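Working notes, beginning with the structure itself.
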């Protein structure tokens, strides 16, 4: 049974009325609609990277200016993940549901809804790259193989 709709149902309902404005044309092109992100996951069968941020989060801004603007990180996220950005500061219920206690936070979620990786707090580009690659390996290993 697919758990992705269960994991993200809280995201959808919590975020429908308070989506973040879209990012400018540089860096990661975040999807801000959970419904659109879920559709992309179903169609593309790529893992989703959920980025929980907040307007008043200093470490979130640092993460965006350094790690998430790194060309290698941006390329990996755009090519290998479905990137969803959520204002976690406005959605304490969602943070609790996802078992996230601080911002910034990122969760990598497989198309079946299983959480492949959790990243909480600020991370340097090398550390995020390692986490993303590890998530991709776990995702690949979990796919059924054709004989």
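The values are calculated or read from the model by the stated rules, or taken from the named source; none is laboratory data. Predicted model only: the values in this text are computed from it and were never measured. Ideal geometry is used to build each Cβ from the backbone, glycine not excepted, and the neighbour counts take in all protein chains shown.
A few remarks follow.
- Residue match in the range 118-133 (condition: surrounded by 15 or more Cβ atoms within 10 Å (Cβ to Cβ), under 16 Å from the mean Cα position of the chain (by Cα) and on the phi > 0 side of the Ramachandran plot): no
- All positions within the range 104-126 that are more than 19 Å from residue 31 (Cβ to Cβ) and touching a strand residue (DSSP E or B) at 6+ places or on another chain (Cβ under 9 Å): 118, 120, 121, 123
- Of the helices (runs of 4 or more DSSP H) lying entirely inside the range 1-89, those containing at least 2 residues that are modelled with pLDDT of 90 or more and under 14 Å from the mean Cα position of the chain (by Cα) span 34-44, 58-65, 71-80.
- Number of positions in the range 101-117 that are surrounded by fewer than 19 Cβ atoms within 10 Å (Cβ to Cβ) and touching a residue at least 40 places away in the same chain (Cβ under 8 Å): 4
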